[in-house]
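To start, the structure itself, in structure tokens.
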Amino acid sequence: MNKIDVKCVALEGAIIPEYKTVGAAGADVYAFLKESVTLAVGKSCVIPTGVFYEIPEGFEIQVRPRSGLAAKNGVTVLNTPGTIDSDYRGELQIILINLGDKDFVINNGDRIAQIIIAPVTQGNFVQVETLSVTERGEKGFGSTGV
């Protein structure tokens, strides 16, 4: 397994992300709250983690939902996957939305999302006059079936 160093600074009491199993791709991230937050049905909010990162150039952190939180409570990450760029030095904050059928309480130390470390390939956008022809062409959403 390849590993890279991702430097972290955590505010006092904040929890550094951790992998819960040897084969886990995502590391859990934790809420860093002075008091509990009630996330009402249909509403979103930003939850701080108290952790700041220095990601090596050529990598990103992707923020993704925790499957158990989504399946059991309907709470998920709104902008999934969120991207944390290698030049960002601010606190990781998670945008959660409650798509469930009852209000959800978030407490300090709750696991609220997971992060994935991923390589980044930047494109070289080249303007041309035309694009190549394909069988699919301009057929969009649902054009290949359900």
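The phi-based Karplus calculation (6.51 cos²θ - 1.76 cosθ + 1.60; θ = phi - 60°) puts the 3J(HN,Hα) values of the stretch 95-112 at 8, 9, 10, 9, 9, x, 10, 8, 4, 10, 9, 10, 10, 4, x, 5, 6, 10 Hz, whole numbers, x for Gly and Pro. What does the C-alpha gyration tensor say about the overall shape of the stretch 84-146? Classify as rounded when a/c is under 1.5, otherwise prolate if a/b is larger than b/c, or oblate. Here the stretch 84-146 falls in the oblate category. Extending 7 Å from the Cα toward the beta-carbon at both GLU35 and ARG111 defines two label points whose distance is 2.8 nm. Here the Karplus relation 6.51 cos²θ - 1.76 cosθ + 1.60, evaluated at θ = phi - 60°, turns the backbone of the stretch 71-87 into coupling constants of 5, 8, 10, x, 9, 9, 7, 5, 9, 8, x, x, 10, 10, 6, 5, 9 Hz, with x for every Gly and Pro. Specify the residue with the greatest mean-square fluctuation among ALA14, ALA24, ALA113, computed from a Gaussian network of the chain linking alpha-carbon atoms under 10 Å apart. Answer for the Gaussian network model of the chain: ALA24.
Based on Cα atoms of the stretch 33-78, Rg over Rh with Rh as the Kirkwood radius reads 1.04. Which residues make up the longest stretch of the chain that has no GluC sites (Glu not before Pro) in a DSSP loop with at most 14 other Cβ atoms within 10 Å? With GluC sites (Glu not before Pro) excluded where exposed in loops, the chain gives 58-128 as its longest stretch.
Here the dipole of the stretch 1-118 is about 400 debye; that uses its Cα centre as origin and unit charges on the Cβ of Lys and Arg (positive) and Asp and Glu (negative). Among the protein heavy atoms of the stretch 1-94, carbon and sulfur supply 51% of the accessible surface, probe 1.4 Å, non-protein parts ignored. Per the Debye formula on identical point scatterers at the alpha carbon atoms of the stretch 1-69, with no solvent, log10 I(q)/I(0) at q = 0.16 Å⁻¹ is -0.71. If the Kirkwood radius is taken over C-alpha pairs of the chain, then at 20 °C and 1.002 mPa s the Stokes-Einstein diffusion coefficient equals 123 µm²/s. Computed extension gain for GLU18 through SER86, at 0.36 nm per residue and net of the alpha carbon distance, reaches 22.5 nm. For the stretch 7-146, the tally of Lys pairs with Cα-Cα distances below 26 Å comes to 10, considering only residues 8 or more apart or on different chains.
For the chain, the longest piece that avoids every one of the chymotrypsin sites (Phe, Trp or Tyr not before Pro) found in DSSP loops with at most 10 other C-beta atoms within 10 Å covers 1-124.
The values are calculated or read from the model by the stated rules, or taken from the named source; none is laboratory data. This is a predicted model, so every value here is computed, not measured. Note that each Cβ is placed from the backbone with ideal geometry, even for glycine, and that neighbours are counted across all protein chains shown. These accessible areas exclude ligands, DNA and RNA; they are computed on the full protein's heavy atoms, side chains included. Shrake-Rupley method; radii C 1.70, N 1.55, O 1.52, S 1.80 Å.
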